[in-house]
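Let me begin by presenting the structure, written as structure tokens, before commenting on it.
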Amino acid sequence: MPGRLPTKDDFPSSLTLSITPPPSAQHPTNILILLHGLGDTNASFTKLGQQLSLPETACIALQAPNPLPFDLEGFHWGDDLIFDQQTGAMDVDTGFKTSTRIVVDKIIKDGLISKCGYRAREIMIFGFAQGGMVAVQAAAEYDGEELGGVISIGGPLSLSAPLTALQKKSKTPLLVIKSSKGSAITDGAIARLKDAFEFVEVKEWRKNGDGMPSSREEMLPIMQFFARRLRSTRGVPAGSVELT
């Protein structure tokens, strides 16, 4: 039995999320979980899912569980909130135990697999910055069959990720996007990801600082990854353009 379109009732009411169905009333053969960055909400990634308009793919834009303090707008994925006493900047990597369990247990296992009938291979995760860190940790800790794939823009594996996530390499394919200058994806971060995943593809954008794609050239490796990993029950649509 193929999976069905999820509803908000399939997930805990404590979670804030949106569900975007596939375009043109297609059956949702795939699920793409979207995880926003530090200080954002799921609204921007709801829009991203609509803009991607991936065939046979429903998008779930999940909001981070923790609001920022001091009347700051937006939410964060960390287990804690630490500020640099000198710069006042927030520490991005403060552990993601709670957020990882939300994604793995509440969204993937209990919701998508148990209630909606999906297989792990039909579920992909896309995360930006701190959301990317949650995405890679969730895939590294997932103890079932391989997921469809993970895309992380500027999000390395947390230094606090449990060592068990590194003892057995995940077979879930991983695409990591980094900027050419000022990226959180350092050489050490790449080495750590390769310790946790069997298949790691790294693409570098010529820009300063990690950011969301802003051109067709930057979007191309992401769409190529989707093209390789998303499943289809309809074949290649007429008029479609093959990405090479």
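Computed from the coordinates by the stated procedures, all read-outs in this text should not be read as laboratory data. Predicted model only: the values in this text are computed from it and were never measured. Using ideal geometry, Cβ is built from the backbone for each residue, glycine included, and neighbour counts are taken over all protein chains shown.
Cα convex hull of segment 133-181: how many Å³ per residue?
Dividing the Cα hull volume of segment 133-181 by its residues yields 76 Å³.
Would you work out which of I123, W205, L15 lies farthest towards the positive end of the dipole of the chain, given +1 charges on the beta-carbon of Lys and Arg and -1 on that of Asp and Glu, about the Cα centre?
Going by the Cα projections, it comes out as I123.
What size of dipole, in debye to the nearest 20, comes out for segment 8-229 about its Cα centre when the only charges are +1 on Lys and Arg C-beta atoms and -1 on Asp and Glu C-beta atoms?
Rounded to the nearest 20 debye, it is 620 debye.
Quickly rank 201-214, 24-37 as a protection proxy: mean count of other C-beta atoms within 10 Å, highest first.
Ranked by mean Cβ neighbours within 10 Å, highest first: 24-37, 201-214.
Report, for segment 1-127, the % of DSSP beta bridges that are antiparallel, rounded to 5.
Of all bridge pairs located within segment 1-127, approximately 40 percent are antiparallel.
Please work out the Cα convex hull volume for segment 1-113 and give it in Å³ per residue.
Output value, Cα hull per residue: 104 Å³.
Fewest first, what order do R121, R228 take by the number of other Cβ atoms within 10 Å?
R228, R121
Rounded to whole Hz and in sequence order, give me ³J(HN,Hα) for segment 130-141 from the Karplus expression 6.51 cos²θ - 1.76 cosθ + 1.60, θ = phi - 60°, writing x for Gly and Pro.
4, x, x, 5, 5, 4, 6, 5, 4, 5, 5, 8
Could you give each residue of segment 189-200 its phi-based ³J(HN,Hα) in whole Hz, using Karplus coefficients 6.51, -1.76, 1.60 with θ = phi - 60°, and x for Gly or Pro?
In residue order, the calculated couplings are 5, 5, 4, 5, 5, 5, 6, 9, 10, 6, 10, 10 Hz.
Return the sequence-ordered ³J(HN,Hα) values of segment 44-60 in whole Hz as given by the Karplus equation 6.51 cos²θ - 1.76 cosθ + 1.60 applied to θ = phi - 60°, using x for Gly and Pro.
5, 7, 4, 5, 4, x, 5, 5, 4, 6, 6, x, 6, 10, 8, 10, 10
Three principal axis extents, largest first, for the C-alpha atoms of segment 8-229, in Å?
Principal extents (largest minus smallest coordinate, Cα): 51, 37, 35 Å.
With both partners inside the chain, how many of the DSSP beta bridges are antiparallel, as a percent to the nearest 5?
If we restrict to bridges inside the chain, about 20 percent are antiparallel.
Kindly put M219, M133 in sequence by how many other C-beta atoms sit within 10 Å of each C-beta, fewest to most.
Ordered by Cβ neighbours within 10 Å, fewest first: M219, M133.
Calculate how steeply helix 216-229 sits against the longest principal axis of the alpha-carbon atoms of the chain, using the helix alpha-carbon long axis, and give the answer as 0 to 90 degrees to the nearest 10.
60 degrees
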